[in-house]
Amino acid sequence: MLEVIDHGPIRELQIAHPPVNALRPQVLATLREALEAAPGEGARAIVVSGAPGFFSAGLDVPFMLEGGQAVAVATFEELFALRTALVMSEVPIAAAITGHSPAGGAVLAICCDYRVMAEGKYKIGLNEVQVGLPVSPVLHANLRRLVGPQNAERMCVEGRLLTPETAYEIGLVDRLVALEEVVPTALEWCEKLLTAPRRAMLRTRAIARADLVELYADPDRPGPEEFIEAWSNEETQTTMRALVARLKDKG
């Protein structure tokens, strides 16, 4: 479910859960463990990438519905843990957004230092409200830091999915390039950072991201409980099952 590719001092962690890189507990835990281990194994920067056409389609809803409450709890707990691992990483992380990135896929990208997205007919955004789930206060603050209060409000409350061009215009992504250039461009950004004196770069990065780290490190921050409760709500369950049915019909 994860390919590890070393490019010298930069480690690429490629989500590999076909066909759409849907996020289930094992995928989330495997990525988190790899992120946490990478610096100790010599990685000085990390690129998180996906498959051509899909960075990640978000949570594996069919798997969660089939697995019941226990799987839902594990999924949300692992997602929250992975968010924290991305933000708290001791080395820079670039997201190589190789295609569609709704909901959970966008969450992962938002938590990285830098985002490169493929040009084309792809979508990115937090559409959780459309399926009956709230956006967490911490994630909203993280998004607001990138795109500003008004854009963050519109994206979250309306559940907007954006084109790559709009995502770039509002600051959700930092670069737009052709699909085949997404990973090389993310690697290039990491390489440029690593040309600077390491101690000064890492110290300045820590200063620049201190507000974000404080948000995720706060022991009193809201946890996954609200999402677990929302997932169990009858309205959410009905919406999710209808969504899965529509996807099966299209397939």
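The values are calculated or read from the model by the stated rules, or taken from the named source; none is laboratory data. Keep in mind that what you see is a predicted model, and the values were worked out from it rather than measured. Positions of Cβ are generated from backbone atoms using ideal geometry, with glycine treated the same way; all protein chains shown enter the neighbour counts.
Odds and ends about this structure:
- Across the stretch 84-127, the number of residues qualifying as surrounded by fewer than 22 Cβ atoms within 10 Å (Cβ to Cβ) and in a helix (DSSP H, G or I) comes to 4.
- Qualifying position, being surrounded by fewer than 21 Cβ atoms within 10 Å (Cβ to Cβ) and under 18 Å from the mean Cα position of the chain (by Cα), among ALA45, ALA70, ALA81: ALA81
- Within the stretch 139-150, residues that are surrounded by fewer than 17 Cβ atoms within 10 Å (Cβ to Cβ) sit with their Cβ atoms under 9 Å from residues that are among the acidic types (Asp, Glu), at 6+ positions apart or across chains, in these pairs: ALA141/ASP211; ARG144/GLU153; ARG145/ASP211.
- Test: residue in the stretch 25-40 that is assigned to a strand (DSSP E or B) and either among the basic types (Lys, Arg) or under 24 Å from LEU179 (Cα atoms) (or both): no
- If you go through the stretch 134-167 and keep only what is touching a strand residue (DSSP E or B) at 6+ places or on another chain (Cβ under 9 Å) and among the aliphatic types (A, V, I, L, M), you end up with LEU146, MET155, LEU161, LEU162, ALA167.
- Looking only at the stretch 116-137, residues that are in contact with a Leu (Cβ under 7 Å, 6 or more places away or on another chain) and farther than 15 Å from MET155 by Cα come to 4 in all.
- Count of the stretch 216-239 residues which are in contact with a Pro (Cβ under 9 Å, 6 or more places away or on another chain) and either hydrophobic (A, V, I, L, M, F, W, C) or not in a helix (DSSP H, G or I) (or both): 4
- Filtered residues of the stretch 121-136 (kept if over 15 Å from PHE76 (Cβ atoms) and over 15 Å from the mean Cα position of the chain (by Cα)): LYS121, TYR122, VAL129, GLN130
- If you filter the stretch 151-188 down to residues that are basic (Lys, Arg) and free of Cβ contacts under 8 Å to residues at least 40 places away in the same chain, you find that the one that is nearest to LYS121 (Cα to Cα) is ARG160.
To keep it simple, each residue is scored yes or no on (1) modelled with pLDDT of 95 or more; (2) under 18 Å from the mean Cα position of the chain (by Cα).
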site: ALA167; (1), (2): yes, yes
site: ILE170; (1), (2): yes, yes
site: GLU191; (1), (2): yes, no
site: ALA208; (1), (2): yes, no
site: ALA230; (1), (2): no, no
site: MET240; (1), (2): no, no
